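Written below as structure tokens is the structure these notes are about.
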Amino acid sequence: METTTMKPPSILLAALRQDRGGQILLALLAAALVLVPLTNLVVPEGSALHLSTYSVTLFGKYLCYALLAIAVDLVWGYCGILSLGHTAFFALGGYAVGMYLMRQIGTRGVYGDPILPDFMVFLNWKTLPWFWQGMNHFPVALIMVVLVPGLLALIFGWLAFRSRVTGVYLSIITQALTFALLLAFFRNEMGFGGNNGLTDFKELLGFDLQAPGMRIALFVTTVLALAGAYLACRYIVASRFGRVLQAIRDAEGRTRFIGYKVESYKLWIWVFSAMLAGIAGALYVPQVGIINPSEFAPINSIEVVIWVAVGGRGTLYGAVAGAVLVNYAKTYFTAAAPEVWLYALGALFVLATLFLPRGVVGLMRRAAA
Amino acid sequence: MRYARRRFHVTASVARTTRWHRLFQIFSPLAFALLALSAVTANAAEEAPASNVAAAPATDFVGILSQLPNAGLSDKQQLLEQLIASHHASAQSVLKALLDEHLYSRDSDGKVFITEEVDTGLRLTDPETLTTAGTEAADGFSKVGTNNALRKFLRGAIAQFRLDDPDRSVRLVAVHEMLRDADSATVDLLRVRLSSEKDSAVRKAIEIGLAIADLDSDDAATRLAATTALSQTLDGDAYNKLKAISTANADGSYAETDDGVRNAAAKAAQRIEFWRGIYGSVETLFFGLSLGSVLVLAAIGLAITFGVMGVINMAHGELIMLGAYTAYVMQQLLPEHLALSILLSIPAAFLVSGLVGVAIERSIVRFLYGRPLETLLATFGLSLILQQLVRSIFSPLNRSVASPEFMSGTLVINDALSLTYNRLYIVLFTLLVFIALQLILKRTSLGLKVRAVSQNRSMARAMGIRSEWVDAITFGLGSGIAGVAGVALSQLTNVGPNLGQAYIIDSFMVVVFGGVGNLWGTLIGGMTLGVAGKLLEPAVGAVMAKIVVLVFIILFIQRRKQGLFPQKGRAAEGH
Amino acid sequence: MSVSINSGGGPIGLRFKPTGRRHSTNAPSPDLSHNIILYVEGITVSFDGFKALNDLNLYIETGELRCIIGPNGAGKTTMMDVITGKTRPDTGSAWFGQTIDLLGLTEPEIAQVGIGRKFQKPTVFAEHSVFENLELAMADSKRVWHVLFAKLNGEQRDRIDEVLQIIGLQDARSGRAGALSHGQKQWLEIGMLLMQDPLLLLVDEPVAGMTPQETERTAELLVSLAGKHSVVVVEHDMNFVRSIARTVTVLHEGHVLAEGSMDEVQNHPRVKEVYLGE
């Protein structure tokens, strides 16, 4: 170890100095951190400057998607692993928090059972399944948010990377993974509420989930999580570790022959990315108020990939931009012209891959140059 | 309690009837047998029971019928026997109506009608001509009454009619119905019928039924013979009966007292169980193969675009969907000709999906060769557009495509095994498509070019093959096959915009599992997955079976990336 | 073993000073007590019935510079694949020194015990700068946690600069490696090999696509490496082979046909037959 000095902050600071996109992103997040609570809580409702709680939640949702997109960009943009199953990790994180929120309902459920959630009473279950034990404790739920997706990613990645499943094969089996989970979670016997999933949440840590203050708190947490994740990812890709990842992306065999255990690198970044996706899901569920098996749908995972592609992969901030832009467009279109949305999304896939290999970010860079 | 009291009441009323009637009750089995004989041989009509005290001179159908309402219960049977003996075409309908309590007489003129209750009263049918005779208020009519004994007689008589029906399937149903609650009378009736029955299936059904009845015989030799006879069948009732008599009761006693018969019965039951198990497995295998065929059909187009060309076409499922909609449209155009419309939709769907495929290749895929992940994304976008297009044109609702006559129904192989025709046709169709595809790839110059380009593009170009043209045609071929698969799927499931999505993951799994670039691998891989799924289904349920198969493939790909049948050689090693 | 190499270094100062120690890689060092660094014995590799290697036997002495020649399909590249762990043989054994069984190791493990390889087709990390390419190849711990927090120290920077100078790419140090010319990529790959500081170098066609001057420089470099390192060169260019070779091994149909000095093998009757069809 004498040949190295461990100064992560200096690597990060040096990287950020050259990272214009990151600077802009962090500045915007900082601004949101101040302006959103201010315009929502302080500015009176009648004012033109007032931000509705609905909008706060909507922005919060976009930022959760952005965090998920960063997780996908980290493995795809930097390590060449195209995951078509990242929403599996997202949904698992969401379910972990959903279970906690379910247990917070207590006797306020339709059946009023102090322990069992409504759907279990409905299924005539008598006792709480083992995997629901302890989920009434917030710290346990938080650990599960990263542990469960991380563990799944670890097992899946260990199997896949060790046997050198790469490229489209890997993409296809990630899709199979999330599809299998989709089917599994639809089953009532799984104990996650089947088709309906988990919903009707009442409170978080004793505070009413619907209260504007709570909404702002969730929003602020999401902004901080996104900023933190961005910094962590920026550090990773700026470190030598990040350069190894990109080496693997560009010439996997060569990376092996100069002595890097490619499988370990892939596994680390894969598990880290899955955990980020889990955190994104955990922040998403209390804001939208529901988690059900449809979150596992393979199409959702592919949609995330297109956010990253549209924004510009391999840049991190591009993923954020793509997630927010595409989802804003989705919100707009599904309200204004729902039948147009799928055409637009489909066209976006085709055009972005054919004409925008570097995404919106690449386009802006070219315009600037 | 209520039921018991009513029973008592009926018994009491029977007790009050004439002595003759009691006699008849005792001898009714005999009467049945005689009746049966009388029906078989027309001239036996005169040989009515000896106790017959002719109540009326009338012998014509209408005349007999008119006496029916006012005759006493005891005389009614004699009248009915005469009615049967008259061999009038409507006799069976009258008996049926009487049994169902639909036979009424009009109070004003005593005329008898077969009736049906409607809102406005009774809809009348003339019993002689079986034509409608208007509708009248119900209060002007009286029901022609029956009692237990008479109803029993009626059931026997109707069964007799149906046993004599020229249609073998009617006879077969009649036999099964009679056997369901067989008594000595029906057994005798069946024995008589057996002597004249020509149809082998009906004969067999009667034989089995009689043998089951013989198991209750007092004579051990008869029981043993019946056991021997039954040991050669696969009949479920026979198995249950044999099992019942050879299994110990709770107190250790046996229903069958004779050791020899019991042992034979146990052996026979075992044998039937064994063969039913075998045929059950064959059936599961068949279900598996038909499910596998669907997978193969869905995947085989992909085996060409992905396997041979290396193009990830996520819109493959939508090409299947387009084929299914082609079948739907074709059926709308030719609503009167179901079979023709299905046959025509096969080439039509091939053309529609094939042309769309060529368009996809020319407009998108060709710009992305060598970039599989980008191809995946672009074609996925395309799949969304195609889905929405179909939604806009046909509505988001599912459509159903009717199956032609020859595809419905069941092929009965024996008592334990029957195969539905639509599944059978799917299996055959899949094999046909597979063979056709093999021939195209192995025997035509197009196939030669396709293989040349897929193995070494630059060399193929150097030899003057227009690789661009070959790419487009190959992609079109794979897409066209997807369309044909869609026609087949339209016969099994509803046609909707999401049809393709349901198959895309399965299709990729099959191709990857079988080994990319290997059509045989796709065939065997798909069939294997289908059979495995069906084998798992009884144990874990359909959804869980699907999950297990998915997880299995995920693990399998880890062990053998190249699939079941990898392409070998240096070229496959890659860098 | 007295391999006296005329390490002339030459006027361009191509002499490369190896650091002579393995860098905290935690990898075992080979036992070179018998002066043989590589044992390849009875190796057979078949692809779908075709035998790419057929009972191949090869021994490389410590510090030796060995050239391997042979017609196309003789199994030269497959041999390198086996030694570096890319291809698993059907039968046979491959040992690095006395104690390290190469067939039980993965590619990165083989790289870490001290075998470096330059590919026939130059493979560099196109999106990285030249400097970063060398940094990645540098002999240093390649474990995930170390790499996540690693930072170059002065000594390492100097080393990279030194190699940059040797391969003549000082001016291109921060440019994209993908933008280099074919010859420059060859040099960069050689530079990466130097950064790895391996005990055994496997060099596949190092001078393909090089100018005569570059070829000469390469020859000098390889000769200077021998002694401290063991070098195995596969090459088609006979003049190049003649200029550097002490011992030449001729492969034919996956088997060693002849071994000896250049003159010896050139006069070998079987070699003449194979090469000239006599």
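A cut-off of 5 Å between modelled amide H atoms, ignoring neighbours fewer than 5 places along the same chain, links B:F141 with B:D107.
On the accessible surface of the stretch B:285-404, probed at 1.4 Å, how many percent belong to carbon and sulfur atoms?
Roughly 73 percent, rounded to a whole number.
For chain B, the 222 nm mean residue ellipticity estimated from helices alone, with every DSSP H stretch of n ≥ 4 adding -39500 (n - 2.57) and the total spread over all residues, rounds to -22000 deg cm²/dmol. Just so you know, the Cα atoms of the stretch A:8-368 work out to an Rg and Dmax of 20.7, 66 Å. Can you grab the distance from the C-alpha centre of the stretch A:78-120 to the C-alpha centre of the stretch B:275-319, Å, no decimals? First find each Cα centre; the distance between them is then 35 Å. Per residue of B:220-231, other chain Cβ atoms within 10 Å of the residue Cβ number 0 on average.
Computed on the Cα atoms alone, the convex hull of the stretch B:164-257 gives a volume of 103 cubic angstrom per residue. Note that the stretch C:91-104 has calculated 3J(HN,Hα) couplings of 9, x, 9, 9, 10, 9, x, 7, 10, 9, 7, 5, 5, x Hz, one per residue in order, obtained from phi through the Karplus relation 6.51 cos²θ - 1.76 cosθ + 1.60 (θ = phi - 60°); glycine and proline are x.
Size of the stretch A:264-325: Rg and Dmax of its alpha carbons, in Å, are 12.9, 37.
Computed from the C-beta positions of A:A337 and B:Y421 and an R0 of 45 Å, the FRET efficiency is 0.45 to the nearest 0.05.
Cross-link reach is defined here as a Cα-Cα straight distance under 16 Å, omitting same-chain residues fewer than 8 places apart; for A:K61 the lysines meeting it are A:K330. Around the amide H of B:T135, modelled in the peptide plane, lie the amide H atoms of B:L124, all under 5 Å away and 5 or more residues distant in sequence or on another chain. The spacing between the stretch A:254-299 and the stretch C:50-98, judged by their C-alpha centroids, is 41 Å. Placing a pseudo-label 7 Å from each Cα along the Cα-to-Cβ vector at B:A339 and B:E273 gives an inter-label distance of 4.5 nm. Straight-line cross-link reach from B:K152 at under 19 Å between alpha-carbon atoms covers these lysines, not counting any fewer than eight positions away in the same chain: B:K76, B:K96, B:K143.
3J(HN,Hα) along the stretch A:15-26, derived from phi through the Karplus expression 6.51 cos²θ - 1.76 cosθ + 1.60 where θ = phi - 60°, amounts to 5, 5, 4, 8, 9, 4, x, x, 4, 4, 4, 5 Hz, with x in place of Gly and Pro. Taken over the stretch B:61-149, the ratio of Cα radius of gyration to 2.2 N^0.38 Å equals 1.01.
Our note on the geometry: Cα centres of the stretch B:425-480 and the stretch B:324-373, 18 Å apart.
Simple spin-label estimate for B:L428 and C:D101 gives 5.9 nm between the two label positions (7 Å along the Cα-to-Cβ direction from each Cα). Inter-chain Cβ neighbour count for B:387-399, averaged per residue, equals 2 (cutoff 10 Å, partner chain atoms only).
Counting partner chain Cβ atoms within 10 Å of every residue's Cβ in B:540-553, what's the average?
What the average comes to for B:540-553 is 3.
With Rh defined as the Kirkwood radius, the inverse of the mean 1/r over Cα pairs, the Rg/Rh of the stretch C:27-88 is 1.01. Pairs of alpha carbons in the stretch A:60-216 separated by more than 22 Å make up 49% of all such pairs.
Distance between the 7 Å Cα→Cβ label points at B:R461 and A:A211: 6.9 nm.
In the stretch B:311-418, Rg over Rh equals 1.12, where Rg is the alpha-carbon radius of gyration and Rh the Kirkwood radius from pairwise Cα distances. For C:H252, the residues 5 or more places off, or on other chains, whose built amide H falls under 5 Å of its own are C:L257.
Accessible surface for B:Y425 stands near 80 Å², nearest 10, in the context of the full protein assembly shown (1.4 Å probe). By DSSP, what percent of the beta bridges with both residues in the protein assembly as shown are antiparallel, rounded to the nearest 5? So the antiparallel bridges in the protein assembly as shown amount to around 70 percent. Computed about the Cα centre, the dipole magnitude for the stretch A:290-369 is approximately 400 debye when only Lys and Arg (+1) and Asp and Glu (-1) carry charge, each at its Cβ. Accessible area per residue for the stretch B:61-149, computed on protein heavy atoms with a 1.4 Å probe, is 46 Å². What the Cβ-Cβ distance of B:R168 and A:V140 gives, at R0 = 56 Å and to the nearest 0.05, is a FRET efficiency of 0.20.
Excluding ligands, DNA and RNA, the accessible surface per residue across chain C is 40 Å² with a 1.4 Å probe.
Its Cα gyration tensor gives chain C an equivalent ellipsoid, and the semi-axes of that ellipsoid, as √(5λ) in whole Å with the largest first, are 30, 22, 18.
Run a plain Debye calculation on the stretch A:217-273 (Cα atoms as equal point scatterers, no solvent) and give log10 I(q)/I(0) at q = 0.13 Å⁻¹, rounded to two decimals, same order as the q list. Debye curve over Cα of the stretch A:217-273, log10 I(q)/I(0) at q = 0.13 Å⁻¹: -0.42. Using a 1.4 angstrom probe on protein heavy atoms only, the contact between A and C buries about 3500 square angstrom of accessible area, both sides summed. The calculated FRET efficiency for the pair A:F122 and B:A539, based on their C-beta separation and a Förster distance of 30 Å, comes to about 0.70. Scalar couplings 3J(HN,Hα) for the stretch B:379-394, obtained by applying the Karplus form with A = 6.51, B = -1.76, C = 1.60 to θ = phi - 60°, are 6, 5, x, 4, 5, 5, 5, 4, 4, 5, 4, 5, 4, 5, 7, 9 Hz; x denotes Gly and Pro. Against chain B, whose longest principal axis comes from its Cα atoms, helix B:220-230 is set at around 30 degrees. Ordered by solvent-accessible area of protein heavy atoms (1.4 Å probe), largest first, the residues A:M275, B:M463 come out as B:M463, A:M275. A viscosity of 0.692 mPa s and a temperature of 37 °C, combined with the Kirkwood radius over Cα pairs in Stokes-Einstein, give a translational diffusion coefficient for the stretch A:1-128 of 168 µm²/s. A Stokes-Einstein calculation at 37 °C with viscosity 0.692 mPa s, built on the Kirkwood radius of the protein assembly as shown over Cα pairs, returns a diffusion coefficient of 87 µm²/s. Rounded to a whole number, what is D in µm²/s for chain B from Stokes-Einstein with the Kirkwood radius over alpha-carbon pairs (4 °C, 1.567 mPa s)? Result for D is 44 µm²/s.
The values are calculated or read from the model by the stated rules, or taken from the named source; none is laboratory data. It should be emphasised that the depicted structure is a prediction, and the values quoted were computed from it without experimental measurement. Every residue, glycine among them, receives a Cβ derived from its backbone with ideal geometry; neighbour counts consider all protein chains shown. Accessible surface areas use protein heavy atoms only, side chains included; no ligands, DNA or RNA. Shrake-Rupley method; radii C 1.70, N 1.55, O 1.52, S 1.80 Å.
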